[in-house]
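See below for the structure under consideration.
The values are calculated or read from the model by the stated rules, or taken from the named source; none is laboratory data. Everything numeric here is computed off the predicted structure, so don't read it as measured data. We place every Cβ from the backbone using ideal geometry, glycine too, and count neighbours over all the protein chains shown. Just the protein is used for accessible areas: all its heavy atoms, side chains included, with ligands, DNA and RNA removed. Shrake-Rupley method; radii C 1.70, N 1.55, O 1.52, S 1.80 Å.
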Amino acid sequence: MSVVTKNFTVATSGKGTYEITDKIEALVRESKIKNGIVIIFAQHTSCSLIVMENADPTARRDLEEFFDRLVPENADYFEHDAEGADDMPSHIRMVLTRTSETVPIADGRMQLGTWQGIFLFEHRRAPHWRKIMVTIMGE
Amino acid sequence: MSVVTKNFTVATSGKGTYEITDKIEALVRESKIKNGIVIIFAQHTSCSLIVMENADPTARRDLEEFFDRLVPENADYFEHDAEGADDMPSHIRMVLTRTSETVPIADGRMQLGTWQGIFLFEHRRAPHWRKIMVTIMGE
Amino acid sequence: MSVVTKNFTVATSGKGTYEITDKIEALVRESKIKNGIVIIFAQHTSCSLIVMENADPTARRDLEEFFDRLVPENADYFEHDAEGADDMPSHIRMVLTRTSETVPIADGRMQLGTWQGIFLFEHRRAPHWRKIMVTIMGE
């Protein structure tokens, strides 16, 4: 049994979903781990991770619109707005999604379903560099 | 330390919550792993996993009603509806819940609290066969 | 590779977020595990775990207010209210957040980002003792 820890960064250009499946699959392959798990972790409080349908881009557009409506900017009770109108909604959207995702590995590959992709969900309007940690454990 | 990977399927008959705790507990027992973790993973984008109160069925009915109201079918801005009115809401409900759940193992048993059960949350109206992967790691 | 399992309890005094980062960091240090993961698990169905911004308390107050509005008490369709008006909302808020969080460990420390803290999110009005299990796996 062994542990492999890797890092990478994702350049985001505003709110939206950014697929990182291929990057993680490559790290799993490099690790030579055949059976186990991979844990993906976002080191931020204003972006998050989701597993989402990765075939039809309209599914992701609808998802992003849903979150824009569920957690609107400028709610009258928000006090935390030092970094702008998208500051507080970004924390709430992170809490409603994930900071980490765990995916099983078998036969040396992530066991994602046919339509599953792993996405960084950026909640801020400005471009950011987002740090992702990947921990692969198994044998 | 060892890794055990198992699969099973759940036959769903429409929207709702389906308890899978006993199935996972049996796999943990068979694995002979005494201390570690079990990771449950749903290989789909229109159902998800939750840990939920498993004593009183009204709690789950209220939960399902909450999600029906939070993510209604036929929102006027939905573009992704190729598979029907329950298509896009199913992806959003998955994102708001989990694709994987992790539970600690000690003394050869999952360490769930008294009222905790693990449920598949089906978001589609039609019956489906849902594939669940279970990875048990520990010693 | 080894597994270390620990428990602790958190005394809550009503709805709100309670930081447990330092407690978990101490358990990671004591475990002597240098590379791996830590899994934090709440053994309850009416509180949950979140990773959240831990610098500005107004961010957490706004988050708590958001959840109070998203999942109001006394919704007219709730049937499950044996334990009071905060009973059913507590289960829904748990499902919308996490029962477990996983954080990578490298160089003997949790790899949280600069502003990330781990919080118990109490959803009940009355004081409770909440049991948290911590599983540290790695080498």
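Structure values in brief
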item: Accessible area of chain C belonging to carbon and sulfur atoms, whole % at 1.4 Å probe; result: 44 percent
item: Flagged links, alpha-carbon separation over 31 Å, of A:K15/B:K6; B:K6/C:K6; B:K34/C:K23; A:K32/B:K34; A:K34/B:K15; result: A:K15/B:K6; A:K34/B:K15
item: Residue-count net charge about A:R125 - beta-carbon cut-off 11 Å; Lys, Arg +1, Asp, Glu -1; result: -3
item: Innermost chain A residue relative to the axis carrying A onto C, by Cβ distance in angstrom; result: A:M1, 2
item: Under 5 Å, built H, 5+ apart or other chain: amide partners of B:R98; result: B:L49
item: Per residue, in Å², the accessible surface of the stretch A:73-139 once ligands and nucleic acids are set aside, probe 1.4 Å; result: 36 Å²
item: Derived scalar couplings ³J(HN,Hα) [the stretch B:83-99; Karplus, 6.51 cos²θ - 1.76 cosθ + 1.60; whole Hz; x for Gly, Pro]; result: 9, x, 5, 8, 6, 5, x, 5, 5, 5, 5, 5, 5, 7, 10, 10, 8
item: Prolate/oblate/rounded call for the protein assembly as shown, Cα gyration tensor, a/c under 1.5 rounded; result: rounded
item: Charge tally in the Cβ shell below 15 Å around C:R29, where Lys, Arg are +1 and Asp, Glu are -1, C:R29 excluded; result: +1
item: Approximate spin-label separation C:T9-A:R125, in nm, with each point projected 7 Å along Cα-to-Cβ; result: 4.8 nm
item: Under Karplus coefficients 6.51, -1.76 and 1.60, residue-wise ³J(HN,Hα) of the stretch B:123-139 in Hz, glycine/proline x; result: 10, 9, 6, 7, x, 9, 9, 10, 8, 10, 9, 10, 10, 10, 10, x, 9
item: Rounded if a/c under 1.5, otherwise prolate or oblate - the stretch C:19-81, Cα gyration tensor axes; result: oblate
item: Cut-off 12 Å, label 7 Å out along Cα→Cβ of B:A106, residues of the stretch C:2-25 by amide N; result: C:4-9
item: Average beta-carbon neighbours from other chains, 10 Å sphere, peptide A:26-37; result: 2
item: For the stretch B:106-123 versus the stretch C:34-91, the gap between their alpha-carbon centres in whole angstrom; result: 18 Å
item: Listed residues C:P57, C:F8, C:H80: farthest to the positive end of the dipole of chain C (Cβ charges); result: C:F8
item: Mean shadow area of the stretch B:1-45 over all directions, Cα convex hull, nm²; result: 3.9 nm²
item: Buried accessible area, chains B and A (both chains, 1.4 Å probe, Å² to nearest 100); result: 2700 Å²
item: Dipole magnitude of the protein assembly as shown, debye to nearest 20 (Cβ charges: Lys/Arg +1, Asp/Glu -1, about Cα centre); result: 1960 debye
item: Chain B, relative contact order in percent, only Cα pairs under 8 angstrom and at least six apart counted; result: 55 percent
item: Calculated label separations, C:Y77, copies of the chain, 7 Å along the beta-carbon direction, nm; result: 2.2, 2.2
item: For chain C: rounded, prolate or oblate by the Cα gyration tensor [a/c cutoff 1.5]; result: prolate
